[in-house]
Structures are given as C-alpha cells and as structure tokens.
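The values are calculated or read from the model by the stated rules, or taken from the named source; none is laboratory data. Since we're looking at a predicted model, the values are computed, not measured. Please note: Cβ atoms are built from the backbone with ideal geometry, for glycine as well, and neighbour counts cover all protein chains shown.
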Amino acid sequence: MSDYRLREYTGFEEIVGPIFLIRNIHNVGYNELVEITDEKGRTRIGITLEVGKEFAVVEALGGTSGFSLRNCRVKFKERPLSIGVSEDMLGRVFDGLGNPLDGMPKPVYEHAMNVNGLPINPTARDYPKNIIETGISAIDVMNTLVRGQKLPVFSGSGLPHDLLATQIARQAKVADERFCVIFAAMGVKYDTAQFFMRSFRESGVLERVAMFLSLADSPSIERLLTPRLALTCAEFLAFEKDLHVLVIMTDMANYCEALRELSTIRGEIPARKGYPGYLYSELAGLYERAGMVRGKRGSITQLPIVTMPNDDITHPIPDLTGYITEGQIVLERELNNRGIYPPIAGLPSLSRLMKDNIGSGMTRSDHPSLASQLFACYAHVKDIRALASIIGEEELSPLDRRYLRFGDEFERRFLSQDPAQRRDLEEGLTLGWDVLSLLPPDELVRVKEEEIKMHYKKRT
Amino acid sequence: MLVAGKVFRVSGPVVEVEGVRGVRMLDMVEVGREHLIGEVVRLKGEHAFVQVYEDTTSLKAGDPVYSTDAPLSVELGPGLIGTIYDGIQRPLEVIYEQEGIFIQRGMRTRPLSREKKWSFLPKRKSGDRISGGEVIGEVQETSLILHKVLCPPEVRGTLIWVADAGEYHIDEKIAVVEEAGESREVFLHQRWPVRNPRPIKAKRPIEVPLLTGQRIIDTLFPVAKGGCVAVPGGFGTGKTVTQHQIAKWSDADVVVFVGCGERGNEMTDVLMNFAKLIDPRTQKPLLERTIFIANTSNMPVAAREASIYTGITLAEYYRDMGYHVALMGDSTSRWAEALRELSGRLEEMPLEEGFPAYLPSRLAAFYERAGNAETMSGERGSITIIASVSPPGGDFSEPVTSHTKRFVRCFWALDKDLANARHYPAISWTSSYSEYIDDIKGWWFAHVDREWVALRYLVMDLFQQEERLSQVVKLVGPDVLPQKQRLVLETCALFKNAFLQQSAYDAVDTYASPKKQFLMLKTILEFYQQAGKLVQQGISIEELRILPVYKDMIRMRFKYTEEMLEELARLPQRVRQSLEELSF
C-alpha cells in the first residue's frame, strides 16, 4: 500500500448536516474515500462530493455528530470506496457500512471491489432467460419472474410486502443451479429486520443469505451506501462465482429520502417534490446492476420493495422506479382488507420479460394466452363491478353476472394462497383454467380454440 | 496534445477548468490523465465549464485538460450499419472485446474499423467539377445498403484524382479536389460536428406515408416520411414495444435506433432480435439496415445528452445518400432530464420542474432536423423522427410532453387503462392525432384504394359516438340503449378486438400490409352497414354475434396471411351475404 503518501489534515471550515467543507488540501480526487477521526479517536468514513482547488466537500457516511470544526483529523485515501468480497459473506449479517453485526470477525476477503460499480456494456448483456419459480401463482402465472430481471414490489404502509418478499426468498427455485439471497435493509425498523432474519432462519436458508442492515436509527446518509455494498457483493457472487443471486432491497423510499436530504443540504435545484433531478440516474445506477452477462453462468435478480407514499403510484419514487425496472408487482389495499393474500393487484402488475420466457418449451404452451385471457377478463370484471355498484347486481345481464362470479373466484381461489404454501406452476395454470371455465367459451377470444378444447372444463 | 488548462473544480459530470486559452464553445476537450472526453459548455474569463462524458471519479484539482481544437464530432463512413455505439460513438462491441463486461473509463476506440477493407467503385472521373454532398463513388456496405461516398459538404472544386476501383481502408485517400490552387484530399470517411445539421439543397413537401405495418398507426394515425411523431406514455404502456415494432417493420431504408437512458436489457433484446429477424420486404436480416446507439440509464449522463445528436447526425449522413431514414429516440424525456441535470450542475436558473429555459428551443432544433429533403446531390431523402416521451406519473401536461407537442404533427398517446387491459398497442384513439392525413391521402388513393380517407373518417366518427354512449353505459348499463346505438358499441368493440389490437408476438398479426389493413377495415364497416339494416328489422345483436362470419372477423388478423389477401378480399362480400340471409 502507498500509505506513506497519505497526508492527514486537521480542521474544517463548515459542517452542515452530514457534510463538511475542508480547505487548504491538495491532490484530492472526486468521489473518493475519506477517513475522519474525531476527538475521541472514533473513525468514520466519508466520500468527497465535490473537489476543487484547495477544497473538498465531504459527506460523512456515519453522520457528523460529535464533530467539531477544529479537532477532527481527516485522511484522504486516494481511492474510491471499496468493499472486500468473498463467498464467506453468505450466512453473515453486516451493518449498513459492511461491518459484521453478528459478533464474528470479518470474513477473509478474496479481493476488494469498488462499490460504485461500472456500467455493464449493453453488448455484454445476455437477455434474461429461464424463469424463477416462486410458488406464488399470481407471480408465476400472471407476472413471471425471470433470472436477471429487476421486478419491484410497489406497496404501501401496512401491506404485507415483507411477508411476500420472504416467501419469495424462501420458495424461489432455480433449476439445478446454486442460488443465494442478498438482503439490503435501508432505514427499516429493527422489528422488520428481525422478521426477515427469523423467517430466513426458520426456513433454514440463512446460510445462503447475506444481510446488510442499515436500520432506522442509523444516520440516514448511510442508506446511500448500503445498496451499493449489497450489489457489489452480488456482482462478485454472480459474475465471479457463478451463483444465481436474488437481491432484496427494502425500502427504496428510504434510500430516496436520504438522497433528497443530502441534495437539499447541498442547496441543489430540486425537480419534483424536492427530489433532485438526478434521482432517475441515481436509481438506474442501482437497478441496472441486475442482469446476466455473456459467458457467465450467474445472474443478479433484483426485488426492490418500494412503499408508495400515500399509496400514490405517480409519486416520483415508484414512478421513476417503474420507468427503469422490467415491470412491477403492485399490492392493493382493497384486496388486503378483504383478507386476500398475496394482495397482488391484477391489472397494474406486469412482468415485461415474461413474454419471452413462457410458452412451449419453457413453461407450458397455453401459458401466454391463458395469462392474457385472465388479464382481459379480470379487467372486464372491474368495469362490471363499477356498473353493478350503480345499477345493482340484479339489473346486470346473465353474462355480466357470470363475470362477477369469475372475478370472485379468481380472487378467492386463484390469487389467494397461504404464505407457507408453495403452489407450483402446473397447479397454478390448472387453477387458472378452472376459474376461467366459469365463463362461456365464446367470451375467451385470446386463447386458441385448441387450448379451449384441451383445458376448458365443461360444467353441467 | 496541447494542454488547455487545469481542473479547478469537479462536481459530478461538470468540471470547471482554469487558465484556459484558445478554447472555443462546444469544443471537445480531454480531461485528466485518463483523457476523459468532455465538451466546453460555458466560458467565463479564463475559466471553462466542461461536461464530461465519462464518470469523473478520482479526478483532482490541478489535473491537466487537453484541447483537441475541434467540436464533438462523429466519424461517417462505411461500417456504421449494424454497429452498436454508445452516446459519443464508441463501438461497444469492440470495447467488450477489449475490456470485458464492464465499460471502463478513458476507453479510446475509433468508431469505424481501421482493418476492414471496402470495395470502392468510382462514379466520377478526374476532371469533373464536384461540390459538397455529391457522390464520388460507391461501396456496398451491407447487402441492403449501397453506401455512397459523398464529397464532404465544405469541399468543392475540380476532381484532379479519383482512386481506381479496388479495396480500400477507410483512412485511405480516394479523391483529390482542387479549387483556386488549393487541393483537398477526400477519404473514405469524413467527420461532422454533431450539433450542426448537415446541409441540404431544400426541404420538400411531405407526401408519402412511412408504413409501419401497425394497423392503428397506418390506418388511423399515419406518419409521413419526413415527419415527426411523439409517443408519450407512462411506464408499462408499451412505448418501447411500439418503437421496436416500427424499427422492425417500417419501410424505411435505414433505421437509427437511439436507446437514450433506457434499460440495458431492452437494448440486448433489440440487438438479439434484429440479428435474427428477417426484413419482410427484402428477405435480409434487419441488422443490415440498422444502427444502434445505446446509452443506457446507468451510463454517464452527459453522454446521454449527446446521444440523440450523434443519432441524428448519422441519420442525416444516410439521408444525404438519398435514403429514407427513421430515427427512433427512446426516450427523449431521459435526454431532457440529462439536460436538466447538467443545467443544475452549471447552476443555471431553473424553470418548471427544474428544466432549463432552453428546453423548448433545444427540442425545436432537434425536431427540425427531420424532414423530406432534396439532397446536395439532387436526390430525395428523408428523416422521420419517432420519439418516445416518458411523462412522470403519465401526466401529459408536464413540460417535456407539452413542449414536444408544439413541434410534432403526429401524436400517439399511450393509455394506461388500455395497457392494463392488455390491449396492445395501447394507443388511445381519442387523444391521438395525425396531421399528415391530407399530405399522404394521395398515396393511399394511388396505391391502395380511393375509399381509404372516407372509411377512416367513418371509423373515427363511430369512436366519437362510442365515447359519448359509453358515458351513458357507465351509468345505466348497455341494455337500455336502443339497438341502433348498441350496434355502434358492438362495432367499436369488434373494431378494437379485431383491428386495433395487434400482437407483436404473433407471427402473422405482427405486420399488416396497407392492403390487408384496408380490407379488414372494409369488412368491419360492411358489417356495420348491413347490421344496421337488420337491427331496424328487429334482429338482435346477439343473433349476429353467433354467426360463423362474425367469428371469422374476430380471427381475421391471425388467420389471413399476406399471401391470402385475395381470400380476405372476399370477406366483405361474405359478411354481406350471411347478414342478408338473416333478414329473410
């Protein structure tokens, strides 16, 4: 190491929130690692946000509490922030800055990687293929998850997104390949983190999970780093160790809040709702780290959880997320209130990569048309329900009443399943035809006639 | 290389440089020891502000900045087609081979291959007078594209030497032009600054549709060759699929596909698909007429800003050869956001939603580079811009959408409700429009049928009626409406299912020729007219629905391939017959 070159400086000019300004320094690079030691000898790390002639603006990732203008010592490490990575990180719990939280020593690292990552060359990407069977029909049949996909869960406070995420992590099945989960918690409550840890432990998957926990009481600025650590670790496992990695990040809203906080302190010009104009690029920098690449066996699949402030899907956070990710799973409060789990909303949920990964040779030949037909019929149910609430169910035509029955059965039998139940794809598809058969075959214009002959269940 | 100054301050992609001399606005400079590429966007005293097209991590105050003494330019020559570039024309395939899966910084790769030899055929001889934009010779670039080697726009004079037919590198001299004692060498490639439009002789009126094979587009909201379209839609409404469909099926000679700030996997999808897909008109792989520019959302933001200029300059180059070029921009909102981010870093005064005041003028200048042109060599070429817009929250009143509307004459509004019901393409028939109908109806008259315009308006009128009636239906249900009005609803529903919906993933349905579109349109309207007579006689709509010919209409988009159009042409007649039989 070239540590002998590292100079140490003392004294800041200004401290505002988590950032400080330091002058009379030389040779400091933009976006590089800084080590700050306060009066009591505690060390924290930071990153240069802006550098200029003889000055630098630094964000202290552990917050600035306890700092004074005169007595802190600062070291500029002349390299970007990096994290040591190793396969031994699986089964371990770390804090938001990558220090072990489970009382064990730091794993022996294979090498260090820059946490900012580098953009994947679009020509190096391999198109995501092979589905991940989650054992949840609403996902497998209607919004299939694919290896290398980024599929966020849009939720609201009080909805069971955590339960859903653990169910997916527990049940996810990747045929004949090594599989692991990386869990990044940003600003979530201790209970939530405990809930995840407990359910991983109970289902015996803990040894293939690495957890990065930046809890609600940690400095908010730390959240900006946590997902980067998790994704760097994921890149190592996927592209160097050939593992299939599922990255669960919760809650992206807290990440964005931290970004807004920092941006406001820096006096930047806000775009929408006070969020900085670069929120899109910033989120893309995280989400685009999912994928598969040519010549590597591993993959990174992302399942970010976004709680929509006030259930508003047009809020900048879910909105920009939706523009980057390949679809979304939307949880619906109304379904949840009616006791339906998982409350996955039928219409706004979407998996963009599904189309190329289902059908004959991949899942089952009737899967695409069945999914499309279920979507279409369920959309019609919504119209009829609106009409029924005005004119009353009795006034509806017999066909419309059959649609209402279909809607109820679809929700009660097809969507609903127990959080502990693993319903495989075949079973889900059969159940789909089951409820679809409540409608007359003439109504089913999106499925082929042969498929109707084969799967439609005649009733007496 | 000349040192032009030293780094003074670094803030993300914007770098302030001190002590600059002899640097012009929009000059390209190289920043730091890694020679990161940047462009001068503001000059103030001895300070210059540079937007850097690569990640600026580890850049320090005091690092050298080098001048290139030229504006940001692209390299134009054979070898562009089929290549995938980033926003500043670096070939991503080559970078992948050299650097592996991640894009490292400071990569210097020439956009066009220096090794490959092209077979050049001269078309002019020594002693000829020549001026900028005229054809000197030809190179067969791909099996689809005959690359015309053009005299650079700023060169004119007498040809004193032209290379013989033979194999040449793009760096080799192929002609020498002399004017007033000064001679200029012309190579197989030339450079052009991306921010300046390439010259043309004149703009010409728009007359011919850009056929896309997409029924709702060609029949209801057509775009013309040389026109501009905006495709706005919230996420998940199918902007990108629409763009892909047009890139695949449109009858443009050359397609420039600019993925500006969008998903990496989408570019992979396009690349893999285009290598496999065969152009239905020419039976050749689509890759042989397509240029890709991929600046995905996680690639540096300043290069995203440059990517649409790189794209349109490449488009102009092929237009100058007399080709019809379609430029797909996905998405201009990401470009506008890049503009906003850079503007913020430059501490400029923000306007609505933080966008800079020059957003509309930049948009206008971009869309004006489209058009139907008479090229410098007297040929006809055109650029059609199909730009998607990603309005935040799907709200079309936001600045990028509303400003874009001022500069385009065709608008395909993607509708969230349609997309939710998986009605694709989710182009709304109530809020979309096209101002090109009068310009291109002559083409439909001459090539398809004189009835086209009349039938089109008839359909639009039915949809207007449906819009009003559906308000009533929402309140009281369809059963109380008189049969005649229910027939309007029924016809519109038929029209939506059998005509407007078009599956991008069905081998037959994915493309419909103008002829097929017209026959389908005619069939449905024939049904409407005949059924109108029947319902007056008291025959119910349910009776019509169970007719075999009704089912035939529902499935006609899948059933009749382009080879079966004669059979489809008999369908209107069959509809009439089987409905007439009912009335007896």
Task: Matching entry among B:LYS44, B:LYS6 (being over 23 Å from B:VAL270 (Cβ atoms), at pLDDT 90 or above and within 9 Å of chain A (Cβ to nearest Cβ)) - done: B:LYS6
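Conditions tested, residue by residue: (1) in a helix (DSSP H, G or I); (2) farther than 22 Å from A:LEU387 by Cα; (3) in contact with a helix residue (DSSP H, G or I) (Cβ under 8 Å, 6 or more places away or on another chain).
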site	(1), (2), (3)
B:ALA419	yes, no, no
B:TRP429	no, yes, yes
B:GLY442	yes, yes, no
B:VAL459	yes, yes, yes
B:ARG468	yes, no, no
B:GLN471	yes, no, no
B:LEU521	yes, yes, yes
TODO: May I ask you to list the residues in region A:273-289 that are buried (at least 18 other Cβ atoms within 10 Å of the Cβ) and in a loop (DSSP other than H, G, I, E, B)?
DONE: A:TYR275, A:GLY277, A:TYR278, A:GLU288, A:ARG289
Task: Matching residues, region B:161-185, being among the aliphatic types (A, V, I, L, M) and surrounded by 13 or more Cβ atoms within 10 Å (Cβ to Cβ) - done: B:VAL162, B:ALA163, B:ILE170, B:ILE174, B:ALA175, B:VAL176, B:VAL177
- [ ] May I ask you to list the residues in region B:53-71 that are of a type outside the set (D, E, K, R), more than 10 Å from chain A (Cβ to nearest Cβ) and surrounded by fewer than 24 Cβ atoms within 10 Å (Cβ to Cβ)?
- [x] B:PRO64, B:TYR66, B:SER67, B:THR68, B:ALA70, B:PRO71
- [ ] Quickly run through region B:9-30 and pick out the residues that are at the interface with chain A (Cβ under 8 Å from one of its Cβ atoms) and modelled with pLDDT of 90 or more.
- [x] B:ARG9, B:VAL10, B:GLU16, B:GLU18
Open item on the list: Residues to consider are A:LEU163, A:LEU151, A:LEU213; find the one that is closer than 18 Å to A:ALA290 by Cα and modelled with pLDDT of 90 or more.
Closed with: A:LEU151
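Within region A:314-353, which residues are in a loop (DSSP other than H, G, I, E, B) and away from chain B (no Cβ under 14 Å)?
We begin by selecting, within region A:314-353, every residue in a loop (DSSP other than H, G, I, E, B); these are A:314-315, A:325-326, A:332, A:338-343, A:345-349, A:352-353.
Answer for region A:314-353, where residues must be in a loop (DSSP other than H, G, I, E, B) and away from chain B (no Cβ under 14 Å): A:ARG338, A:GLY339, A:ILE340, A:TYR341, A:PRO342, A:PRO343.
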Open item on the list: Just to verify a result, which residue in region B:349-393, among those that are closer than 17 Å to B:VAL258 by Cα and touching a Phe, Trp or Tyr at 6+ places or on another chain (Cβ under 7 Å), is surrounded by the fewest Cβ atoms within 10 Å (Cβ to Cβ)?
Closed with: B:TYR367
Task: Yes/no for B:ALA504 being within 31 Å of the chain's Cα centre (by Cα), in contact (Cβ under 8 Å) with a residue 12 or more places away in the chain and not assigned by TED's automatic domain parsing to the domain that holds B:ILE216 - done: yes
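Would you say B:ARG281 is buried (at least 24 other Cβ atoms within 10 Å of the Cβ), of a type in the set (Lys, Arg) and either more than 19 Å from B:LEU80 (Cα to Cα) or not assigned by TED's automatic domain parsing to the domain that holds B:SER333 (or both)? Write out each step before concluding.
Working: buried (at least 24 other Cβ atoms within 10 Å of the Cβ): no; of a type in the set (Lys, Arg): yes; either more than 19 Å from B:LEU80 (Cα to Cα) or not assigned by TED's automatic domain parsing to the domain that holds B:SER333 (or both): yes.
Judged against the criteria, B:ARG281 is not a match.
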- [ ] Please specify each residue of region A:261-312 satisfying the condition of being farther than 20 Å from A:GLU326 by Cα and either small (Gly, Ala, Ser) or modelled with pLDDT of 95 or more (or both).
- [x] A:SER263, A:GLY267, A:ALA271, A:GLY274, A:GLY277, A:GLY295
Task: Flag for A:ILE265 being over 21 Å from the mean Cα position of the chain (by Cα), among the hydrophobic types (A, V, I, L, M, F, W, C) and within 8 Å of chain B (Cβ to nearest Cβ) - done: no
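Let's see how each residue does on (1) within 30 Å of B:GLU154 (Cα to Cα); (2) at pLDDT 90 or above; (3) more than 14 Å from chain A (Cβ to nearest Cβ):
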{"site": "B:LEU286", "(1), (2), (3)": "no, no, yes"}
{"site": "B:PHE292", "(1), (2), (3)": "yes, yes, no"}
{"site": "B:ASN298", "(1), (2), (3)": "no, no, no"}
{"site": "B:GLY322", "(1), (2), (3)": "yes, yes, yes"}
{"site": "B:ALA336", "(1), (2), (3)": "no, yes, no"}
{"site": "B:ALA357", "(1), (2), (3)": "no, yes, no"}
{"site": "B:PHE366", "(1), (2), (3)": "yes, yes, yes"}
{"site": "B:ALA370", "(1), (2), (3)": "yes, yes, yes"}
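Quick grid of which residues meet (1) outside any strand (DSSP E or B); (2) free of Cβ contacts under 8 Å to residues at least 12 places away in the same chain; (3) outside the structural domain of A:SER351 (by TED's automatic domain parsing):
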position	(1), (2), (3)
A:PHE154	no, no, no
A:ASP162	yes, no, no
A:THR166	yes, no, no
A:ALA169	yes, no, no
A:VAL181	no, no, no
A:ASP191	yes, yes, no
A:PHE195	yes, no, no
A:ARG201	yes, yes, no
A:GLY204	yes, yes, no
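Tally up the residues in region A:114-152 that are among the β-branched types (Val, Ile, Thr), part of a helix (DSSP H, G or I) and within 14 Å of chain B (Cβ to nearest Cβ), please. Before the answer, list the steps.
First, the residues of region A:114-152 that are among the β-branched types (Val, Ile, Thr): A:115, A:120, A:123, A:131-132, A:134, A:136, A:139, A:141, A:144, A:146.
Filter again for part of a helix (DSSP H, G or I), leaving A:123, A:139.
With the extra rule that they be within 14 Å of chain B (Cβ to nearest Cβ), the set shrinks to A:123.
Here the count works out to 1.
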TODO: State the number of residues belonging to region A:61-94 that are charged (D, E, K, R) and within 24 Å of A:GLU240 (Cα to Cα).
DONE: 4
TODO: Report, by residue number, each residue of region B:29-45 that is surrounded by fewer than 21 Cβ atoms within 10 Å (Cβ to Cβ) and part of a strand (DSSP E or B).
DONE: B:VAL41, B:ARG42, B:LEU43, B:LYS44
Task: Cross-chain or 6+ apart pairs with Cβ under 6 Å, region B:92-114 first and facing another protein chain (nearest Cβ under 10 Å) and outside any loop (DSSP other than H, G, I, E, B), then surrounded by 15 or more Cβ atoms within 10 Å (Cβ to Cβ) and among the acidic types (Asp, Glu) - done: B:LEU92/B:ASP86
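Quick grid of which residues meet (1) assigned to a helix (DSSP H, G or I); (2) under 18 Å from B:LEU92 (Cα atoms):
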residue: B:PRO280; (1), (2): no, no
residue: B:ILE293; (1), (2): no, yes
residue: B:ASN298; (1), (2): no, yes
residue: B:ALA303; (1), (2): yes, yes
residue: B:SER307; (1), (2): yes, yes
residue: B:THR310; (1), (2): yes, yes
residue: B:ALA315; (1), (2): yes, no
residue: B:TYR318; (1), (2): yes, no
Task: Scope region A:51-90; condition in a strand (DSSP E or B), within 14 Å of another protein chain (Cβ to nearest Cβ) and more than 22 Å from A:PRO227 (Cα to Cα); matching residues - done: A:VAL51, A:GLY52, A:PHE55, A:ALA56, A:VAL57, A:PHE76
